[in-house]
1. Give, as residue ranges, the strands (runs of 3 or more DSSP E) completely inside segment B:1-72 that count at least 1 residues that are out of contact with any Gly (no Cβ under 9 Å at 6 or more places or on another chain) and surrounded by fewer than 19 Cβ atoms within 10 Å (Cβ to Cβ).
2. Which pairs turn up if I take residues in segment B:55-69 that are basic (Lys, Arg) and look for partners that are open to solvent by 20 Å² or more (accessible area, probe 1.4 Å) and not in a helix (DSSP H, G or I) with beta carbon separation below 7 Å, at least 6 apart in sequence or on another chain?
3. Since residue A:30 meets every condition but one in (1) more than 12 Å from chain B (Cβ to nearest Cβ); (2) modelled with pLDDT under 95, which condition does it not meet?
4. For residues that are surrounded by 12 or more Cβ atoms within 10 Å (Cβ to Cβ) and over 8 Å from the mean Cα position of the chain (by Cα), tally how many sit in segment A:50-60.
5. Scanning for something in contact with a Pro (Cβ under 6 Å, 6 or more places away or on another chain), surrounded by 12 or more Cβ atoms within 10 Å (Cβ to Cβ) and at pLDDT below 95, does segment A:1-14 turn up at least one residue?
6. Quick one: count up the residues across segment A:62-72 that are of a type outside the set (Asp, Glu) and open to solvent by less than 20 Å² (accessible area, probe 1.4 Å).
7. Would you be able to tell me the number of residues in segment A:18-41 that are more than 18 Å from residue B:42 (Cα to Cα), outside any helix (DSSP H, G or I), in contact with a Gly (Cβ under 9 Å, 6 or more places away or on another chain) and not small (Gly, Ala, Ser)?
8. Any idea how many residues of segment A:42-70 are of a type in the set (Lys, Arg) and in contact with a Gly (Cβ under 6 Å, 6 or more places away or on another chain)?
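The values are calculated or read from the model by the stated rules, or taken from the named source; none is laboratory data. Since the model is a prediction, treat every value here as computed from it, not as a measurement. Every residue, glycine as well, gets a Cβ built from its backbone with ideal geometry; the counts of neighbours run over all protein chains shown. Calculation scope for accessible area: heavy atoms of the full protein, side chains included, ligands and nucleic acids excluded. Shrake-Rupley method; radii C 1.70, N 1.55, O 1.52, S 1.80 Å.
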Amino acid sequence: MRFEILDQVEGIEVIAAGTSIRDLAYLEKTYGAGRWRKLKGRAHVRLPNGNIRWVELHWYEAHGIGRKDIKIKRYLE
Amino acid sequence: MSEHKRHFAICVDNSDYEASLILRKIYEIIPDERGAGDDLLRIVDESGEDYLYHKSHFIVVEFPAEVEHALRSAQSATP
């Protein structure tokens, strides 16, 4: 990813799991089968232009595979 | 540049987003002025949701109006 997460992600919540993840089939094809969950949380990130933003992040996670596709959903300030 | 000519981008780098972006696929851009100020594009990705991605993942493309209309119609028809 092009940005750097500067602190611990806080307020982590599961927003989808298993078959309720819309792109589960593509996720499993790309990274392998697992108990995939889609999560969200908040963190400060440093963008490639040097700006630091407080953002909502979404990502996928599975045991033994880790966090994948960490994406910025929106700015929070 | 008129607004209707900045609605799509082609993914040219899906590193770190291999489940969310497909190389060489055309994605719709959602206008986002704050993101644009940080060199980010708001893209509707494979999850069906819009996220802010760095512009270096994409080449923004301009299509003739009839092509853009056809692309928008095709995307809105996608389940």
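1. The qualifying strands (runs of 3 or more DSSP E) are B:8-11, B:26-30, B:40-44, B:58-61.
2. Pairs that qualify, where the first residue is basic (Lys, Arg) and the partner is open to solvent by 20 Å² or more (accessible area, probe 1.4 Å) and not in a helix (DSSP H, G or I), are B:55/B:39; B:55/B:41.
3. It is condition (1) that residue A:30 fails.
4. Residues in segment A:50-60 being surrounded by 12 or more Cβ atoms within 10 Å (Cβ to Cβ) and over 8 Å from the mean Cα position of the chain (by Cα): 6 in total.
5. yes
6. Count: 3.
7. Residues flagged as more than 18 Å from residue B:42 (Cα to Cα), outside any helix (DSSP H, G or I), in contact with a Gly (Cβ under 9 Å, 6 or more places away or on another chain) and not small (Gly, Ala, Ser) within segment A:18-41 amount to 5.
8. 1
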